[in-house]
1. Only one residue in Ser69, Ser36, Ser83 is in contact (Cβ under 8 Å) with a residue 24 or more places away in the chain and within 16 Å of Asp124 (Cβ to Cβ). Which one?
2. Keeping to region 24-45, report how many residues are open to solvent by 70 Å² or more (accessible area, probe 1.4 Å), in contact with a strand residue (DSSP E or B) (Cβ under 7 Å, 6 or more places away or on another chain) and more than 16 Å from Ser97 (Cα to Cα).
3. I'm told Gly7 meets every condition in (1) within 30 Å of Thr122 (Cα to Cα); (2) assigned to a helix (DSSP H, G or I) except one. Can you identify the failing condition by its number?
4. I need the full set of residues from region 160-195 which are at pLDDT below 90, under 24 Å from Ala94 (Cβ atoms) and open to solvent by less than 70 Å² (accessible area, probe 1.4 Å), in order please.
5. For region 47-145, which fully contained strands (runs of 3 or more DSSP E) count at least 2 residues that are within 14 Å of the chain's Cα centre (by Cα) and over 26 Å from Tyr183 (Cα atoms)?
6. Can you spot a residue in region 57-70 that is in contact with a helix residue (DSSP H, G or I) (Cβ under 7 Å, 6 or more places away or on another chain), more than 17 Å from Gly112 (Cα to Cα) and of a type outside the set (Val, Ile, Thr)?
7. State all residues of region 108-138 that are over 22 Å from Tyr85 (Cα atoms) and loosely packed, with under 13 Cβ neighbours inside 10 Å; if no residue qualifies, say none.
8. Taking the conditions exactly as written (loosely packed, with under 13 Cβ neighbours inside 10 Å and within 24 Å of His130 (Cα to Cα)), does Glu48 satisfy them or not?
Amino acid sequence: AFKHIGGYLKELSQTVNPLAPYMGGTPIHYAARLFSQSTMDYYGEGHERDLWNDAYGTIEMLKHAHLQSAVVFEKHLERADLSRYPVLILGNCACLSQAHAKQIENYVRNGGILFCCKDAGTLDELGYPHQRPALDDLLGIKSREPGKPPHLPTLEFLDRGLRRLCGEYQSFTGVVNLHNESYVCLQVRDDVEVLARLVCRDLERGDLWD
């Protein structure tokens, strides 16, 4: 094996040397994932595992896409310390104070990209429902109502780019059931671009709604 060590070192140097100028320094983060203690405390009962799995899954997805990410907390919202991140991922962060929601709105107005799920901003920092979900104006949501439990929920992609990447449809069989309304129906403003919609089919009755 020793007679091959020179070849090994040569291959290693040829691989590592081009990377040397980029080693060290401060990481450039692509996205920040909010870990909300308020949501864990006041929304988390019965949902703790889902909340952690969602957050962990987001970080793993970014890692496998080779996108540097960071974890932020409510204190970062309070300090308005988000400008270094091009993308902010809230996930299903249900509990947001009006002050936190305002900081997130400022972040988006200044060019930040926001990703969130259906319950984001629906509760205040103590778990009580907002009179109107705190992020709905920012997201262009005029009204919302509980979804009808379908037999075969299907995500239909409307955006051409998403269709090229994901295909025309994505099925979610088993995600929604008659005892757990796990989506909401939204009415949005005219200036909102809808990239995908959930199409629900009842094969027994031949119904279709979205």
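1. Answer to the check: Ser36.
2. Number satisfying all stated conditions: 1.
3. Answer for Gly7: the failing condition is (1).
4. Gly174, Val176, Asn177, Ser182, Tyr183, Val184, Cys185
5. Here the list reads 69-72.
6. The answer is no, given that none of the residues of region 57-70 is in contact with a helix residue (DSSP H, G or I) (Cβ under 7 Å, 6 or more places away or on another chain), more than 17 Å from Gly112 (Cα to Cα) and of a type outside the set (Val, Ile, Thr).
7. Leu126, Tyr128, Pro129, Gln131
8. yes
The values are calculated or read from the model by the stated rules, or taken from the named source; none is laboratory data. Being a predicted model, the structure only gives us computed values, none of them experimental. With ideal geometry, Cβ positions are generated from the backbone for all residues, glycine too; neighbour counts draw on all protein chains shown. Please note that ligands, DNA and RNA were not included when accessible areas were found on the heavy atoms of the full protein model with its side chains. Shrake-Rupley method; radii C 1.70, N 1.55, O 1.52, S 1.80 Å.
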